[in-house]
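Chemist: Sharing a structure, written as structure tokens. Questions coming.
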Amino acid sequence: MWDQRFEAILRQHLPFLDPEEPLLDGTSLRDSGLDSLAMVELLATLESEYDVRFVDEAMSMETFATPQTLWRVLTDMRGAPAPV
């Protein structure tokens, strides 16, 4: 599971996700309101907050499909194993 900071950042970019609704591994970020502009803003925020740089291969709709896929890519870039 991801840390609280990640969830707080992610929720700021998901206008269709009710604040009371849980953010689950398989929640569709697109269905929750993550569009291309929000994806760029989220990317910049994550890079700044976690001191990482997303590689070109990670910049895909697949990476930003769900919280779990995004968290796995982020933790891989940080050098920490992503929990299963």
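Chemist: Check the stretch 2-15 and report whether any residue there is in contact with a helix residue (DSSP H, G or I) (Cβ under 7 Å, 6 or more places away or on another chain) and part of a loop (DSSP other than H, G, I, E, B).
Modeler: Yes; the residues of the stretch 2-15 include at least one that is in contact with a helix residue (DSSP H, G or I) (Cβ under 7 Å, 6 or more places away or on another chain) and part of a loop (DSSP other than H, G, I, E, B).
Chemist: Inspect all residues belonging to the stretch 74-82 and state whether any of them is of a type in the set (Lys, Arg), modelled with pLDDT under 95 and assigned to a helix (DSSP H, G or I). Show your work before the answer.
Modeler: Pass one, the stretch 74-82, residues of a type in the set (Lys, Arg): 78.
Add one more test, that the residue is modelled with pLDDT under 95, and what stays is 78.
Filter once more, keeping what is assigned to a helix (DSSP H, G or I): 78.
Yes, some residue in the stretch 74-82 is of a type in the set (Lys, Arg), modelled with pLDDT under 95 and assigned to a helix (DSSP H, G or I).
Chemist: Next question, about the same structure. In the stretch 51-71, how many are more than 8 Å from the chain's Cα centre (by Cα), crowded, with 17+ Cβ neighbours inside 10 Å and not in a loop (DSSP other than H, G, I, E, B)?
Modeler: Result for the stretch 51-71: 1.
Chemist: Of the conditions (1) of a type outside the set (Ser, Thr, Tyr); (2) over 22 Å from Leu17 (Cα atoms); (3) buried (at least 17 other Cβ atoms within 10 Å of the Cβ); (4) under 12 Å from the mean Cα position of the chain (by Cα), Leu74 satisfies every one except a single condition; which number is it?
Modeler: Only one criterion in (1) of a type outside the set (Ser, Thr, Tyr); (2) over 22 Å from Leu17 (Cα atoms); (3) buried (at least 17 other Cβ atoms within 10 Å of the Cβ); (4) under 12 Å from the mean Cα position of the chain (by Cα) is unmet by Leu74, namely (2).
Chemist: Filter the stretch 16-60 for residues that are hydroxyl-bearing (Ser, Thr, Tyr) and touching a helix residue (DSSP H, G or I) at 6+ places or on another chain (Cβ under 7 Å) and give the result.
Modeler: Matches in the stretch 16-60: Thr27, Thr45, Tyr50.
Chemist: Would you confirm, using the coordinates I've provided, whether Arg11 is over 17 Å from Val73 (Cα atoms) and basic (Lys, Arg)?
Modeler: yes
Chemist: OK, next. Just wondering, is there one or more residues in the stretch 36-45 that are modelled with pLDDT of 95 or more, in a loop (DSSP other than H, G, I, E, B) and under 14 Å from Pro67 (Cα atoms)?
Modeler: No, because not a single residue in the stretch 36-45 is modelled with pLDDT of 95 or more, in a loop (DSSP other than H, G, I, E, B) and under 14 Å from Pro67 (Cα atoms).
Chemist: Any residue in the stretch 63-77 that is at positive phi sitting within a Cβ distance under 7 Å of a residue that is surrounded by fewer than 19 Cβ atoms within 10 Å (Cβ to Cβ) and among the aromatic types (Phe, Trp, Tyr)? List the pairs, counting only those 6 or more apart or interchain.
Modeler: Here the result reads none, with nothing in the stretch 63-77 linked to a residue that is surrounded by fewer than 19 Cβ atoms within 10 Å (Cβ to Cβ) and among the aromatic types (Phe, Trp, Tyr).
Chemist: Residues of the stretch 12-50 being acidic (Asp, Glu) and without any contact (Cβ under 8 Å) to a residue 24 or more places away in the chain, which ones?
Modeler: Asp18, Glu20, Glu21, Asp31, Asp35, Glu47, listed by residue number.
The values are calculated or read from the model by the stated rules, or taken from the named source; none is laboratory data. These numbers come from a predicted model, not from an experiment. Here Cβ is always computed from backbone atoms with ideal geometry, including for glycine, and neighbour counts include all displayed protein chains.
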